[in-house]
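J.: Provided herewith is a single structure, encoded as structure tokens, for subsequent inquiry.
The values are calculated or read from the model by the stated rules, or taken from the named source; none is laboratory data. Note that the coordinates shown come from a computational prediction; the quantities given were computed from them, not determined experimentally. Cβ coordinates were reconstructed from backbone atoms using ideal geometry, including for glycine residues, and neighbour counts include every protein chain displayed.
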Amino acid sequence: MAAKNGAVVLHVEDARKDLKVGEVTVNALRGVSLSVTRGEFVAIVGPSGSGKSTLLGLIGGLDTPTSGQVMIDGVDITRLSERALTRIRNEKIGFVFQQFNLIPTLSALENVALPVQFSRSNQFDGAKRAKELLTRFGMGDRIHHRPAQLSGGQQQRVAIARALANNPPLLLADEPTGNLDSESTDVVMTALRDIQRDFDTTVIIVTHDTAIAASVDRVITLIDGHIASDADPRVSAQLDEVKILREKRATGELPLVQVDKR
Ligand code: ADP
Ligand code: MG
């Protein structure tokens, strides 16, 4: 059942991930907890190697934590059988990768229809749904093209359509604009915002792009496997402004405003 607006779609509780490379253990995540509600648009930022992809992979059920929980719509996906997890991934989670990961031998339409064909819900007709989504993203005249016949921005739009094929409540994207020029980046970001608005989809995007991070509801900063901050960037920007004003007043650079007492 789809969560209602404001309902918690994702809850991560003290997730840790240790990765062993030879003799060395990397603590990729050192206890991450967060909750995300229906319809939120969240950016995960942080330096390279801070654990962003590891966290997104755990949320998407592509990997399991060393300890901790990942709850999607109230179900702890770290304890599911492979079969049950596959079903949740198919129905509740859309995943978009930096490298698009489309199947090269299939057309755009076939790529997008694939998750619908694997779905057990029979909610949509695969080809019809694929055509609708591709048309929505301005790809209606490219449905029979194969990935190699499409530009990067077009391939990413196909990948987003594929991620949305079964209308999942949660869309995850790991640097989806990392391989795109600024024009394609705008097209892809507009598509993600439209989806969030129209279907109340929760979108979580890993990005290096500060302009993207400044435009979302919430920015989670990871540093060294920890959440260093978690805030609404617009509120943070306001707080920064207040801080600057206070400093200017303290140094006398900005006179205090005299309130007229009458
Ligand atoms: P980010 O996406 O923020 O750049 P990652 O989540 O990819 O960071 O990586 C976090 C840490 O885990 C890094 O130190 C990285 O080197 C390490 N790491 C990532 N994947 C693996 C892996 N498959 N095996 C071993 N170490 C890994
Ligand atoms: Mg990464």
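J.: From R162, R146, R120, R142, which residue is basic (K, R) and crowded, with 23+ Cβ neighbours inside 10 Å?
T.: None of the other options fit; the residue is R162.
J.: Residues that are among the hydroxyl-bearing types (S, T, Y) and either modelled with pLDDT under 95 or over 19 Å from G51 (Cβ atoms) (or both): which helices (runs of 4 or more DSSP H) entirely in region 136-231 hold 1 or more of them?
T.: 182-199, 210-214
J.: Can I ask one more? Looking at T37, is it β-branched (V, I, T) and either away from ligand 1 (no atom under 13 Å from the Cβ) or under 27 Å from N167 (Cα atoms) (or both)?
T.: Yes.
J.: What's the number of the only condition in (1) farther than 22 Å from V112 by Cβ; (2) in contact with a strand residue (DSSP E or B) (Cβ under 8 Å, 6 or more places away or on another chain); (3) surrounded by fewer than 15 Cβ atoms within 10 Å (Cβ to Cβ) that R193 fails to meet?
T.: Condition not satisfied by R193: (1).
J.: Looking at (1) part of a helix (DSSP H, G or I); (2) in contact (Cβ under 8 Å) with a residue 12 or more places away in the chain; (3) more than 12 Å from ligand 1 (Cβ to nearest atom); (4) β-branched (V, I, T), which one does T86 not meet, given that it meets all the others?
T.: (2)
J.: For region 222-236, check the following and say yes or no: at least one residue is crowded, with 22+ Cβ neighbours inside 10 Å and farther than 18 Å from N101 by Cβ.
T.: yes
J.: Select from region 2-61 the residues that are among the polar types (S, T, N, Q) and either in a strand (DSSP E or B) or more than 13 Å from ligand 2 (Cβ to nearest atom) (or both) and write down the one among them that is surrounded by the fewest Cβ atoms within 10 Å (Cβ to Cβ).
T.: So, considering only residues that are among the polar types (S, T, N, Q) and either in a strand (DSSP E or B) or more than 13 Å from ligand 2 (Cβ to nearest atom) (or both), the one surrounded by the fewest Cβ atoms within 10 Å (Cβ to Cβ) is N5.
J.: Of all residues in region 127-137, which are in contact with a helix residue (DSSP H, G or I) (Cβ under 8 Å, 6 or more places away or on another chain) and free of Cβ contacts under 8 Å to residues at least 24 places away in the same chain?
T.: Result: A127, K131.
J.: Report yes if F137 is surrounded by fewer than 18 Cβ atoms within 10 Å (Cβ to Cβ) and out of contact with any Gly (no Cβ under 6 Å at 6 or more places or on another chain), otherwise no.
T.: No.
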